[in-house]
Amino acid sequence: MADTFEKVKEIIIDQLGVEEDQVTLNSSFVDDLGADSLDIVELVMALEEEFDMQIPDEEAEKIRTVGDAVKYINDHQ
Amino acid sequence: MSKRVVITGMGAITPVGTGVEKFWSSLISGVSGIDRISTFDPSEYSTQIAGEVKDFTATDYIDKKEARRMDRFTQFAVAATGMALRDAELDLEKEKRERIGVIIGSGIGGMETLWQQAKTLINRGPGRVSPFLVPMMIANMGAGQVAISYGLQGPNVTAISACASSNNAVGDAFKLLQRGDADVMITGGTEAPITPLSVAGFCALKAMSTRNDEPHKASRPFDAQRDGFIMGEGAGIMVMETLEHAQARGAKIYAEIVGYGSTCDAYHITAPDPEGNGAARAMQIALKDAGLQPEAVDYINAHGTSTPLNDKIETKAIKRVFGEHARKLLVSSTKSMTGHLLGAAGGVEALVCVLSIYNGIVPPTINYEVPDPECDLDYVPNQAREKDVKVALSNSLGFGGHNVTVAFKKYEE
């Protein structure tokens, strides 16, 4: 869990241009990290690439917080 | 009664320097911005040199996340607009945003983005192509992002006419202000074409110089030993506004824009009309629009690409329009120093005309060594010249046969 979070955090910092302390498990991509719909599409692609997995669109839509992403990745690896 | 239109702010990002001050001091000192291409290995290309912008870091001007969502040509436009707005001291908080528009020229758009994403598609499949491919690549996004970055809600469009793009942008912005459709326009051009794919494309056209061992001497407009143009990148942006708007806010005025002529050869996709008829008509229309006689013109910033055909035919066109006066006026090509910024050329060269008028100095054509009997005008060889420039023309000619001239005049009440 901690390891996944660290990797996810790194991708988020890079792609959304946010500071490290803004990224917590509770952070909402849209409300707290300023992501728009295109950012989220790109972020999901980067997570698929990093964790070598496919995240179907209907599942990606349910990912709203950093914690959601980390949980999805851990559950599907 | 149409409105008078003036230039009140400028921003430049060019191969001879970022910022108007550095740009201008390089030009009047005759500095070449051409070197071996550094952003990719050009060894296999027939042309291995270009005018790259070397002193620009996007995040000095643009938020890190925003900068990642912009192709380099858009970064140039947004950053140069910031410089021009600051120079104009335009307080956007006090302005009606819907009366400020943007017309920026770009010949190609986001070539680097297209190239990178095409590689992604081939190597990793369609599922890995970025959602930002389209909004980063499309050529109108320079103007679009300038509007978003500064909250400018007036008319917004991108002119695309190859190497004449930004002269069309400048001319169209002028006309729009003249008829009262906006109070202020951000206009000029931006281009970032130094990518493997576009360099290969221009190499295939055999349009570029292959003087790879002497980069500083490769761009030599009007010289008998010229062998093609040199690609450059960057942006030239100005704040243009109605005289009444500029006066109401007490703005400093650099120059007035007074004429615009736009024609097409309707002849060939890349070769100019051998007689230069379209180019001559563009100059004539711009003069008529300005209400000026040919004898009033002191300086022409030529298209002057350094290709064998362009320089010969442009010279012919100038002689046709100006007759005897062609030998008295000054003609120079600053592409000898900046290289050819394609769709941004007119934007950068409009700044040269405005600065020549404002400072009373005409920048030279460098690398002028061997006279060509077919190019026999005063090209201001190698040394800048002091001259009280009252009227300056800027010519831009583009693939597709586009010919565009804009006329600038010293501002007098």
Once you put a point 7 Å from the Cα of B:Q383 and another 7 Å from the Cα of A:Q22, both along the Cβ direction, what distance in nm separates them?
5.7 nm
Rounded to the nearest 20 debye, dipole of the range B:7-401 from Cβ charges on Lys, Arg, Asp, Glu:
660 debye
Please report, in whole Å, how far the alpha carbons of chain A spread along each principal axis, starting with the longest.
27, 26, 19
P(r) over all Cα-Cα pairs of the range B:156-308, 10 Å bins from 0 to the longest distance, whole percent per bin, short to long, reads 9, 30, 35, 19, 7, 0
Take each of the peptides B:272-282, A:24-34, B:115-125, average the number of other beta-carbon atoms within 10 Å over its residues, and list them starting from the highest.
B:272-282, A:24-34, B:115-125
Cβ crowding within 10 Å averaged over residues, with B:72-80, B:129-137 ranked highest first:
B:72-80, B:129-137
Rounded to the nearest 0.05, what FRET efficiency do B:E374 and B:I148 have when you use their Cβ-Cβ distance and R0 = 30 Å?
0.05
HN-Hα J couplings of the range A:55-61 from phi, Karplus 6.51/-1.76/1.60, θ = phi - 60°, integer Hz, Gly and Pro as x?
10, x, 3, 5, 7, 4, 4
Using a 1.4 Å probe on the protein chains only, how many percent of the accessible area of chain B belongs to carbon and sulfur?
52 percent
Cα centroid distance between the range B:23-101 and the range B:360-385, in Å?
27 Å
Calculated SAXS-style log₁₀ I(q)/I(0) at q = 0.20 Å⁻¹ - the range B:226-270, Debye, Cα scatterers:
-0.90
Ranked by accessible surface with a 1.4 Å probe, highest first, in what order do B:T187, B:T307 come?
B:T307, B:T187
Restricting things to alpha carbons, find the Rg to Rh ratio for the range B:1-78 using the Kirkwood radius for Rh.
1.09
How large is log10 of I(q)/I(0) for the range B:225-359 at q = 0.12, 0.16, 0.22 Å⁻¹ when the intensity is taken from the Debye formula with one equal scatterer per alpha-carbon?
-0.53, -0.94, -1.57
Among B:P373, B:Y411, B:V389 the positive-end extreme of the charge dipole of the range B:366-413 (Cβ point charges)
B:Y411
B:G144: net charge of surrounding residues, Cβ under 12 Å, Lys/Arg +1, Asp/Glu -1, itself excluded?
0
Between beta-carbons, use under 13 Å as the cut-off and find the net charge around B:K217, counting Lys and Arg +1, Asp and Glu -1.
-3
Compactness index (Cα Rg / 2.2 N^0.38 Å), the range B:7-401
0.93
Too long at a 23 Å Cα-Cα cut-off: which of B:K252/B:K410; A:K7/B:K65; B:K22/B:K316; B:K22/B:K175; B:K54/B:K335; B:K312/B:K390?
B:K22/B:K316; B:K22/B:K175; B:K312/B:K390
Using protein heavy atoms only (no ligands, DNA or RNA), what is the total accessible area buried between A and B, 1.4 Å probe, nearest 100 Å²?
1100 Å²
Helix-derived [θ] at 222 nm for chain B: sum -39500 (n - 2.57) over DSSP H runs of at least 4, divide by residue count, nearest 500?
-10000 deg cm²/dmol
Within a 10 angstrom radius of each residue's Cβ in B:130-141, how many Cβ atoms of other chains show up on average? Whole number is fine.
2
Regarding the protein assembly as shown, what are the three Cα extents along the principal axes, ordered largest first, in Å?
83, 56, 39
For the peptides B:188-198, B:17-27, B:35-45, what is the packing order when you average, over each peptide's residues, the other Cβ atoms within 10 Å and list the highest mean first?
B:188-198, B:17-27, B:35-45
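The values are calculated or read from the model by the stated rules, or taken from the named source; none is laboratory data. As the structure is a computational prediction, the values presented were derived from the model and not from experiment. Here the Cβ is made from the backbone with ideal geometry for all residues, glycine too, and neighbour counts use every protein chain on show. Each accessible area value is taken on the protein alone, full model and side chains, heavy atoms only, with ligands, DNA and RNA left out. Shrake-Rupley method; radii C 1.70, N 1.55, O 1.52, S 1.80 Å.
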